[in-house]
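Chemist: Handing you a structure now.
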Amino acid sequence: MNLSLNFLSVAKMAADDYVGFTFFVGCMAMMAASVFFFLSMNSFDKKWRTSILVSGLITFIAAVHYFYMRDYWASFGESPTFFRYVDWILTVPLMCVEFYLILKVAGAKKSMMWRLIFLSVIMLVTGYIGETLDRENAWFWGLISGAAYFVIAYDIWLGAAKKLAVAAGGAVLKAHKALCWFVLVGWVIYPIGYMAGTPGWYEGIFGGMNLDVIYNIGDAINKIGFGLVVYTLAVNSSND
Ligand SMILES: *C/C=C(C)/C=C/C=C(C)/C=C/C1=C(C)CCCC1(C)C
């Protein structure tokens, strides 16, 4: 009884709770995007369906986590770091899978995908340690995380993935380029959020900003935007 009442109860949201607001809007945006990707999936050629499915899974996993994070913030007024990183450790590797899936037409190997996944796990695990277990040395963990991020960016911009994209040409090359820009510019939002929310020499620069607001903006841009690039690729190459 108590349990069901708890479930039905809605926490109050203050008019100036902009962090809570971005969690709430994030939740809705991720849900809407998931419905969009799932429902459009079957209207495309078979070879793109898995890519669109993965786009939908990324925003769906995020929607569920945003539901929890919104609640956590409303209940405790604290950053839901644990849920945040669980979300990322599931969705960022799926983004690496997207790179593999769109380059498969050009003969991408699974080893390229596993390398990207491995790097993304290092990036996220070290970031988690810096935000939670060893905050005094947040700069150090951020540095290792940043190095892994750099290698990911290098791999897709100039490494094996780039060569495959060039070989594929056309709509695939265009989509690959767009995804590369998301990783290079869109993902930079995250280390900024990290620096805003952890102690370190950089505190004076980003100290006034809120870590969760920055992460929430980053997620909306990167998860939904990434999916839309793949969607556009499917649309364009179906018109070929
Ligand atoms: C959907 C979620 C995405 C695309 C999350 C991406 C997260 C990052 C690119 C995080 C990167 C970080 C650094 C490069 C250094 C500081 C620690 C992190 C984990 C915030």
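The values are calculated or read from the model by the stated rules, or taken from the named source; none is laboratory data. No experiment lies behind these values; they were computed from the predicted model shown. With ideal geometry, Cβ positions are generated from the backbone for all residues, glycine too; neighbour counts draw on all protein chains shown. To get the accessible areas, we keep the full protein, side chains included, count just its heavy atoms, and leave off ligands, DNA and RNA. Shrake-Rupley method; radii C 1.70, N 1.55, O 1.52, S 1.80 Å.
Chemist: With all protein chains present, calculate the accessible area of Glu203 using a 1.4 Å probe and round the result to the nearest 10 Å².
Modeler: Rounded to the nearest 10, that gives 90 Å².
Chemist: Continuing with the same structure: So how far, in whole Å, is the C-alpha centre of region 78-107 from the one of region 148-202?
Modeler: Taking the Cα centre of each part, region 78-107 and region 148-202 sit 13 Å apart.
Chemist: Under 24 Å Cα to Cα from Lys174, which lysines show up? Leave out anything in the same chain fewer than 8 places away.
Modeler: Lys46, Lys47, Lys104, Lys109, Lys110, Lys162, Lys163, Lys223
Chemist: Let me ask something else about it. Which of Ile214, Val64, Gly200 sits farthest toward the positive end of the charge dipole of the chain, with +1 on the Cβ of Lys and Arg and -1 on the Cβ of Asp and Glu?
Modeler: Val64
Chemist: May I ask you to give the solvent-accessible area per residue for region 2-239, in square angstrom, as obtained with a 1.4 angstrom probe?
Modeler: 50 Å²
Chemist: Using helices alone, what [θ] at 222 nm do you get for the chain, with -39,500 (n - 2.57) per DSSP H run of 4 or more residues, divided over all residues and rounded to the nearest 500?
Modeler: -25500 deg cm²/dmol
Chemist: What is the helix-to-structure angle for 110-128, meaning the angle in degrees between its Cα long axis and the longest Cα principal axis of the chain, kept from 0 to 90 and rounded to the nearest 10?
Modeler: It is inclined by approximately 10 degrees.
Chemist: Leaving ligands, DNA and RNA out of it, report the carbon-plus-sulfur percent of the accessible area of the chain at a 1.4 Å probe.
Modeler: After summing per-atom areas, the C and S share lands at 70 percent.
Chemist: For Ala178 and Tyr154, calculate 0.36 nm times their separation in residues minus their Cα-Cα distance, and state this gained length in nm to one decimal.
Modeler: In short, 7.2 nm is gained.
Chemist: Just to confirm the number: angle between the C-alpha axis of helix 18-40 and the first principal axis of the chain, 0 to 90 degrees, nearest 10?
Modeler: Taking the Cα atoms of the chain, the angle to 18-40 is about 30 degrees.
Chemist: Quick one: helix 170-184 against the long Cα principal axis of the chain, what's the angle to the nearest 10°, folded into 0 to 90?
Modeler: 30 degrees
Chemist: Enumerate the calculated ³J(HN,Hα) couplings along region 53-59 in order (Karplus 6.51 cos²θ - 1.76 cosθ + 1.60, θ = phi - 60°), each rounded to whole Hz, writing x wherever the residue is Gly or Pro.
Modeler: Coupling constants for region 53-59: 4, 5, 4, x, 5, 4, 6 Hz.
Chemist: Once you have the Cα-Cα distance between Phe140 and Ser43, take 0.36 nm times their residue separation minus that, and quote the gain in nm to one decimal.
Modeler: Working it through step by step, the gained length comes to 30.2 nm.
Chemist: First check a/c for region 52-105, with a ≥ b ≥ c the square roots of the eigenvalues of its C-alpha gyration tensor; if it is under 1.5, answer rounded, and if not, answer prolate when a/b is larger than b/c or oblate otherwise.
Modeler: prolate
Chemist: Please list the equivalent ellipsoid semi-axes of region 2-239, computed as the square roots of five times the alpha-carbon gyration tensor eigenvalues, in descending order and whole angstrom.
Modeler: Those come to 31, 24, 14 Å.
Chemist: A further question on this structure: Starting from 0.36 nm per residue, how many nanometres of slack lie between Ala15 and Thr232 once their C-alpha separation is accounted for?
Modeler: 74.4 nm
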